[in-house]
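Have a look at the structure below before the remarks.
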Amino acid sequence: MKKQNSLSRSALIVASVTLLLLLVPFVAMQFTAEVDWSIGDFLIMGALIFSTGMAYVLLSRSSSHTAFKIACGLAVATTFLMIWANLAVGLVGSGPNAANLLLMAPVFVVVIGALRSGFTASGMEKVMYAAALCLALVTVMTLVIGIDQQPGSAAVEILAVSGFFAGLYVVAGALFHYAGKGRVIQGT
């Protein structure tokens, strides 16, 4: 029962933070035409922020190890940023581009892999490396099919963005590896 109350309390905190974050664009819309969100924008971002917060809460409960919690935060934040950037401007090209759907593949790897791994450190380590590998393969595929030749796309930009996100997944994987070895970080 105590665990249920704790989860309910965490969900309430995540919901409150989500609402506070959504107030930023809402208030900005009252003062400038530069911010123009639709109800759909608020619903999508609300769902994304809330699910990200809850994912961290649920994942980080799997271990009290500091490195595990940091790795969870990094994995969740990386996945959030990939989705957000893809929804906001797209990671490839300017505006809507079908190649951006390919770059969502690592998100599915993370979500499905995390669920299948049982949220263990060794399982999550493999999931992070698989997400980085998936991102690398998708990047190569986009370059091979010539997406970088489209307006608003450049090979250097595609490689940089993909490398950035893949690097974050690799770091998260290394932290999960560290946590799985049972080493103690100062402060744990």
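The values are calculated or read from the model by the stated rules, or taken from the named source; none is laboratory data. In this text, all values refer to a predicted model and were calculated from it rather than measured experimentally. Cβ: placed from backbone, ideal geometry, glycine included. Neighbour counts: every protein chain shown. In case anyone asks, the SASA skips ligands and DNA or RNA and just uses the protein heavy atoms, side chains included. Shrake-Rupley method; radii C 1.70, N 1.55, O 1.52, S 1.80 Å.
Cβ-Cβ below 7 Å, separation at least six or inter-chain, first residue in the range 19-42 and outside any helix (DSSP H, G or I), second of a type in the set (A, V, I, L, M): which pairs?
As it stands, the answer is VAL35/ALA28; VAL35/MET29; ASP36/MET29; TRP37/MET29, since those pairs meet every condition given.
Only one residue in GLY163, GLY173 is surrounded by fewer than 17 Cβ atoms within 10 Å (Cβ to Cβ) and either small (Gly, Ala, Ser) or not in a helix (DSSP H, G or I) (or both). Which one? Can you show your working first?
Numbers: GLY173 fails: surrounded by fewer than 17 Cβ atoms within 10 Å (Cβ to Cβ).
None of the other options fit; the residue is GLY163.
Right, LEU102: open to solvent by 30 Å² or more (accessible area, probe 1.4 Å) and free of Cβ contacts under 8 Å to residues at least 24 places away in the same chain or not? Let's see the steps before the verdict.
Working: open to solvent by 30 Å² or more (accessible area, probe 1.4 Å): yes; free of Cβ contacts under 8 Å to residues at least 24 places away in the same chain: no.
So LEU102 does not fit the description; no.
Considering MET141, MET128, which residue is surrounded by 15 or more Cβ atoms within 10 Å (Cβ to Cβ) and part of a helix (DSSP H, G or I)? Can you show your working first?
Working: MET141 fails: surrounded by 15 or more Cβ atoms within 10 Å (Cβ to Cβ).
Result: MET128 is the single residue among MET141, MET128 that is surrounded by 15 or more Cβ atoms within 10 Å (Cβ to Cβ) and part of a helix (DSSP H, G or I).
Could we say that PHE31 is surrounded by 13 or more Cβ atoms within 10 Å (Cβ to Cβ) and modelled with pLDDT of 90 or more here?
Taking the combined requirement at face value, the residue does not satisfy it.
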